[in-house]
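Have a look at the structure below before the remarks.
The values are calculated or read from the model by the stated rules, or taken from the named source; none is laboratory data. The structure displayed is predicted, hence computed values, not measured ones. Positions of Cβ are generated from backbone atoms using ideal geometry, with glycine treated the same way; all protein chains shown enter the neighbour counts. Areas reflect the complete protein model, heavy atoms only, side chains present, ligands, DNA and RNA absent. Shrake-Rupley method; radii C 1.70, N 1.55, O 1.52, S 1.80 Å.
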Amino acid sequence: MLELIKTEFARRFENEDTATCGLGEVANIWNKTVKPTNIPGTLWEHYSIPAFDAEQYPSYELGDTIKSNKYEVVSNSILVSKLNPSTRRLWIPQLIDEKSAICSTEFMEYVPNNPKEYSFYCSALLQDRFFSYLAGHVTGSTGSRQRVHPSDTLAYEVPNPDASEILNYCNYADPLIKQLRNSSIERQKLTQLRAVLLPKLMSGEIDASKVELPTPPTQTAPTNGRLCG
């Protein structure tokens, strides 16, 4: 789905006829620090580099297990890794509870100035040209620990068409972003439910033999061999 909006955005706006402006003119970088160990009993929705690399799905961890400071994750943010940008990491958070969402300080958290243009700037930062820009502005002498300075990225030239063109594109991309988020939220809820129930099943607090599972509908086999209800 991200590839779809990336391709459509490039078709419409990644050309020499489209006006541009600095990224810092249309978005800011959010970097409010959170110390999870100060709230040890909170279950944090943690957007980390390892979680992204595993399956692009946040982990859920209690505050007393998270030893380093993190950034607060806010709605309508776009997470881009500043670590080794040759490995492309762009994450659209699908927050269950904004009050307990955090991310690694290895992420740059971009927040568009106009929330209604969110999908436009998600698509702009998905482009190959943006990641080439990041790769050209890294510091560090080794391939394993190269980073880009967040402030340097605000000079990146993003497409800046008329407001009507941005709105038209968002009318196309918004439903796709919403579908992506809804699917991820459902997965997150199931993961949270599993995290709560599994220890109880293992300890015997819940008797699995007494859990009633839904009965599947009766299946029949017609002459063509396919099953139907």
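Taking 0.36 nm per residue of sequence separation and removing the Cα-Cα distance, the Asn38/Met202 pair yields an extension gain of 56.1 nm. Between Arg11 and Asp162, the C-beta separation translates, for a Förster distance of 25 Å, into a calculated FRET efficiency of about 0.90. Taking amide H atoms as placed 1.01 Å from N in the peptide plane, the amide H of Thr105 lies under 5 Å from those of Tyr71, each 5 or more residues away in sequence or on another chain. Here the Karplus curve 6.51 cos²θ - 1.76 cosθ + 1.60, taken at θ = phi - 60°, turns the phi angles of region 104-120 into couplings of 4, 6, 7, 9, 9, 10, 8, 10, x, 4, 10, x, 5, 9, 4, 5, 4 Hz, with x standing for Gly and Pro.
With θ taken as phi - 60° and the Karplus curve 6.51 cos²θ - 1.76 cosθ + 1.60 applied, the whole-hertz 3J(HN,Hα) list for region 46-63 is 10, 8, 10, 4, x, 5, 5, 5, 6, 7, 6, 8, x, 9, 10, 9, 6, x Hz, x standing for glycine and proline.
Once you have the Cα-Cα distance between Asn182 and His137, take 0.36 nm times their residue separation minus that, and quote the gain in nm to one decimal. Each step should come with its number before you reach the end.
Numbers: separation 45, 0.36 × 45 = 16.20 nm, distance 3.46 nm.
Stretched fully, the Asn182-His137 segment lengthens by 12.7 nm.
Can you tell me, using C-alpha contacts under 8 Å and at least 6 residues apart, the relative contact order of region 13-154 as a whole percent? Dividing the mean separation by the residue count of region 13-154 yields 27 percent.
Going by accessible area, probe 1.4 Å, with all protein chains left in place, what is the ranking of Ile39, Ile102, largest first? List each step's numbers first, then the result.
Values: Ile39 85, Ile102 0 Å².
Correct descending sequence by accessible area is Ile39, Ile102.
Taking a ≥ b ≥ c as the square roots of the eigenvalues of the Cα gyration tensor of region 54-125, is the shape rounded (a/c under 1.5), prolate (a/b larger than b/c) or oblate?
Cα axes put region 54-125 in the oblate bin.
Take the Cα of Glu3, go 7 Å toward its beta carbon, and the backbone nitrogen atoms of region 123-137 under 20 Å from that spot belong to 123-132.
Counting only protein heavy atoms, what percent of the accessible surface of region 13-66 is carbon or sulfur at a 1.4 Å probe?
49 percent
Karplus-based coupling profile of region 159-168, in residue order and whole Hz: x, 9, x, 4, 4, 5, 6, 5, 4, 4, with θ = phi - 60° in 6.51 cos²θ - 1.76 cosθ + 1.60 and x standing for Gly or Pro.
In the structure displayed, which of Lys116/Lys178; Lys70/Lys99; Lys6/Lys70; Lys6/Lys32; Lys32/Lys82; Lys82/Lys116 lie more than 22 Å apart, Cα to Cα?
Working: Lys116/Lys178 13 Å; Lys70/Lys99 13 Å; Lys6/Lys70 29 Å; Lys6/Lys32 29 Å; Lys32/Lys82 16 Å; Lys82/Lys116 25 Å.
The answer is Lys6/Lys70; Lys6/Lys32; Lys82/Lys116.
Each part reduced to its alpha carbon centroid, region 72-94 and region 101-170 end up 9 Å apart. Cross-link reach is defined here as a Cα-Cα straight distance under 18 Å, omitting same-chain residues fewer than 8 places apart; for Lys67 the aspartates and glutamates meeting it are Glu45, Glu106.
Could you give the length gained on full extension between Asn31 and Asp152, defined as 0.36 nm per residue of separation minus the Cα-Cα distance, in nm?
Values: separation 121, 0.36 × 121 = 43.56 nm, distance 1.50 nm.
That pair, Asn31 and Asp152, stretches by 42.1 nm at full extension.
Highest mean first, how do 56-63, 79-86 rank when packing is the count of other Cβ atoms within 10 Å averaged over residues? Don't jump to the answer; show the numbers that get you there.
Details: 56-63: 16.4, 79-86: 20.1.
Averaged packing, sorted descending, gives the order 79-86, 56-63.
For the pair Lys99 and Asp53, label points projected 7 Å from Cα toward Cβ lie 3.4 nm apart.
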